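Peer 1: Here it is: the structure, laid out below.
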Amino acid sequence: MKKYICLFLAVVCVIFSAGCGEGDPSAADKSSPAEENTRELFAMDTYMTLTAYGEKSAEALDAAEKEIKRLDSLLSVGDENSEIARTNEDGGGTVSEDTAALLGYSRRIYEETDGAFDITIYPLMKLWGFTEDKQSVPDEKKISSVLADTGFDRLNYNNGKLTLGSGQGIDFGGIAKGYTSGRVMKIFSEYGISSGIVSLGGNVQCCGKKQDGSLWRCGITDPDHPEDSSSLAGIVSVSDKAVITSGGYERFFTEKGKTYHHIMDPSTGHPSESDLVSVSIVSADATLADGLSTACFVMGREKAVQYWRSHSDEFDMILIDTDRKLYITAGLDGSFESDLSFQLIDRRE
Ligand code: ADP
Ligand code: MG
């Protein structure tokens, strides 16, 4: 199910990014259009589309694909030979530079969000059956006992050495794709790509502007019609930014008429039941955006807005709540369009 939605979302983003927009003709050299190259691949359990413009765009995409595959084999909890799977199995170990970077981000977001983002939810993801696509509602007693072992503060991480607490396991699923798209942007810059866009399962990051000098246009999925590209919640126009969404509609199961999605509330051990159904984070830092999309989803509107007010220099958000009300933060004023009405959230209360 998720795979198909992601393929669809990847397509939506590319359609929008390649779509219309007010161009700045002076920004494009009409006599020699930059070479365009696109690559599609399946990695990290999702469909990805990479597009780059420039003389070295083919080489840049080769290098980007290689990097994505390298990170996938390092970070995938499902691959028993990955660094993360081995770390979970062995209760810790010496970690690579990439894992160290992700642990740094994870610690910061855990601490700043009162634990709403917590990579130690892995045993809970397993208990709920999300890791093997065999989901069912677990016994409450089992949830309580697994929950007692979770908590980033029970990890010991120092000088590249990680030690897990008993019963602990880590899962970078809420942050790895953002980190990966950030790495792809770094490769693009090394190859002199000044214009490009990537969609890793609907999580988008763009480099520069479009070839005609206009901004990239990224569609925000309508949570009630995630597979219908004609029914978007809105479009955000950006340059040099990541637009990363967490939505309860992305991966879920239904039991006895109730729907359970894949975003855990680490304080309850159950899928989050906040008042948000979708959180999109817009930021120049894709790793932060990915971690925060998950964290803000769990925190709910009020806490997410409070957090944003003290970090509005780092990111903006588009929120959709359970009543289908749409909110955007002040930094997106003028860059967001929607057929629906939406409320602008100010930097001050
Ligand atoms: P997606 O990966 O579907 O784009 P997210 O970025 O929100 O969406 O990531 C969801 C994934 O993050 C889950 O599949 C799980 O691996 C992990 N996860 C779930 N809940 C949390 C949480 N509270 N903190 C950190 N990671 C989480
Ligand atoms: Mg995330």
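The values are calculated or read from the model by the stated rules, or taken from the named source; none is laboratory data. Because the structure is predicted, anything quoted here is derived from the model rather than measured. With ideal geometry, Cβ positions are generated from the backbone for all residues, glycine too; neighbour counts draw on all protein chains shown. Heavy atoms of the whole protein, side chains included, go into the accessibility calculation; ligands, DNA and RNA do not. Shrake-Rupley method; radii C 1.70, N 1.55, O 1.52, S 1.80 Å.
Peer 1: Out of the GluC sites (Glu not before Pro) in region 48-108, which ones are loop residues according to DSSP with at most 11 other C-beta atoms within 10 Å? Before the final figure, lay out the partial values.
Peer 2: Details: sites: Glu55, Glu59, Glu65, Glu67, Glu80, Glu83, Glu89, Glu97; in loops: Glu55, Glu80.
Those satisfying the criteria are Glu80.
Peer 1: Further question on the same structure: Hey, any idea what the orientation-averaged projected area of the convex hull of region 226-349's Cα atoms comes to, in nm²? Working shown, then result.
Peer 2: Details: hull surface 33.1 nm².
Over every viewing direction, the Cα hull of region 226-349 projects on average to 8.3 nm².
Peer 1: I need the helices of the chain that pass two filters: whole DSSP H segments spanning 18 Å or more by Cα along the axis, and mean Kyte-Doolittle score no lower than 0.0.
Peer 2: Values: long enough: 2-17 (22 Å, 1.98); 57-75 (26 Å, -0.24); 97-112 (23 Å, -0.74); 176-190 (21 Å, -0.33); 286-309 (23 Å, 0.07).
What comes out of the filter, once short or polar helices are dropped, is 2-17, 286-309.
Peer 1: Another question, if that's okay. Amide H neighbours of Ser195 under 5 Å, at least 5 residues apart or on other chains, H built in the peptide plane: list them.
Peer 2: Tyr53
Peer 1: Okay, next question. What trypsin sites (Lys or Arg not before Pro) does region 281-349 have in DSSP loop regions with at most 13 other beta carbons within 10 Å? List each step's numbers first, then the result.
Peer 2: Details: sites: Arg301, Lys303, Arg309, Arg324, Lys325, Arg347, Arg348; in loops: Arg324, Lys325, Arg347, Arg348.
Sparse-neighbourhood loop trypsin sites (Lys or Arg not before Pro): Arg324, Arg347, Arg348.
Peer 1: Still on this model: In what order, largest first, do Leu102, Leu340 sit by accessible area if the probe radius is 1.4 Å?
Peer 2: Highest to lowest solvent-accessible surface, that is Leu340, Leu102.
Peer 1: Follow-up. Let me have the relative contact order for the chain, percent, based on Cα pairs under 8 Å that are six or more residues apart. It would help to have the intermediate numbers written out before the result.
Peer 2: On the way: 696 pairs, mean separation 63.9, N = 349.
Worked out over the chain, it gives 18 percent.
Peer 1: Relative contact order (percent) for region 247-309, with alpha-carbon contacts under 8 angstrom and 6 or more residues of separation?
Peer 2: On the way: 69 pairs, mean separation 16.8, N = 63.
Relative contact order here is 27 percent.
Peer 1: Also, I was wondering about something else. Ratio to report: Rg/Rh of region 62-198, with Cα atoms as the point set and Rh obtained by the Kirkwood method; give two decimals.
Peer 2: Working: Rg = 16.2 Å, Rh = 16.1 Å.
That ratio is 1.01, to two decimals.
Peer 1: Regarding region 33-94, what is the average projected area of its C-alpha convex hull, in nm²?
Peer 2: Values: hull surface 19.1 nm².
Result: a mean projected hull area of 4.8 nm².
Peer 1: What is the diffusion coefficient of region 120-267 in µm²/s, taking the Kirkwood radius over Cα pairs and the Stokes-Einstein relation at 25 °C with a viscosity of 0.890 mPa s? The partial results should precede the final answer.
Peer 2: On the way: Rh = 18.2 Å.
Result for D is 135 µm²/s.
Peer 1: Another one. So what does log10 I(q)/I(0) come out to for region 133-211 at q = 0.12, 0.19, 0.22, 0.27 Å⁻¹, using the Debye formula with one equal point on every Cα and no solvent?
Peer 2: With one equal scatterer per Cα and no solvent, log10 I(q)/I(0) is -0.62, -0.91, -1.02, -1.22.
Peer 1: Here is a further query. Can you pull the semi-axes for the chain, root of five times each eigenvalue of the Cα gyration tensor, sorted largest first, whole Å?
Peer 2: Values: eigenvalues 209, 117, 66 Å².
For the chain, the semi-axes come out at 32, 24, 18 Å.
Peer 1: Determine the share of the chain's accessible area contributed by carbon and sulfur atoms, expressed in whole percent, with a 1.4 angstrom probe. Don't jump to the answer; show the numbers that get you there.
Peer 2: Values: 7160 of 15830 Å².
For the chain, the apolar C and S fraction of the accessible surface comes to 45 percent.
Peer 1: Count neighbours as other Cβ atoms within 10 Å of each site's Cβ, and list the trypsin sites (Lys or Arg not before Pro) in region 108-213 that are DSSP loop with at most 14 such neighbours.
Peer 2: On the way: sites: Arg108, Lys126, Lys134, Lys141, Lys142, Arg154, Lys161, Lys177, Arg183, Lys186, Lys209, Lys210; in loops: Lys134, Lys209, Lys210.
Of the trypsin sites (Lys or Arg not before Pro), the ones in loops of region 108-213 whose Cβ has at most 14 other Cβ atoms within 10 Å are Lys134.
Peer 1: Taking the Cα centre of the chain as origin, sum charge times position over the Cβ atoms of Lys and Arg (+1) and Asp and Glu (-1), and report the length of that vector in debye to the nearest 20. Please list the in-between numbers first.
Peer 2: Working: 34 positive and 56 negative charges, 66 e Å.
Result for the chain is approximately 320 debye, rounded to the nearest 20.
Peer 1: With every protein chain left in place, what is the accessible area per residue of the chain in square angstrom, probe 1.4 Å? Intermediate results must be reported in sequence, preceding the final value.
Peer 2: Numbers: 15830 Å² over 349 residues.
Ligands and nucleic acids excluded, the result is 45 Å² per residue.
Peer 1: May I pose another question? Rounded to the nearest 500, what is the chain's calculated 222 nm mean residue ellipticity when only DSSP H runs of at least 4 contribute -39500 (n - 2.57) each, over all residues?
Peer 2: On the way: 8 runs with 112 residues, N = 349.
After summing the helix terms and dividing by residue count, I get -10500 deg cm²/dmol.
Peer 1: While we're on this one: What's the local net charge at Thr49, with K and R +1, D and E -1, over the other residues with C-beta under 9 Å away?
Peer 2: Value of the local net charge: 0.
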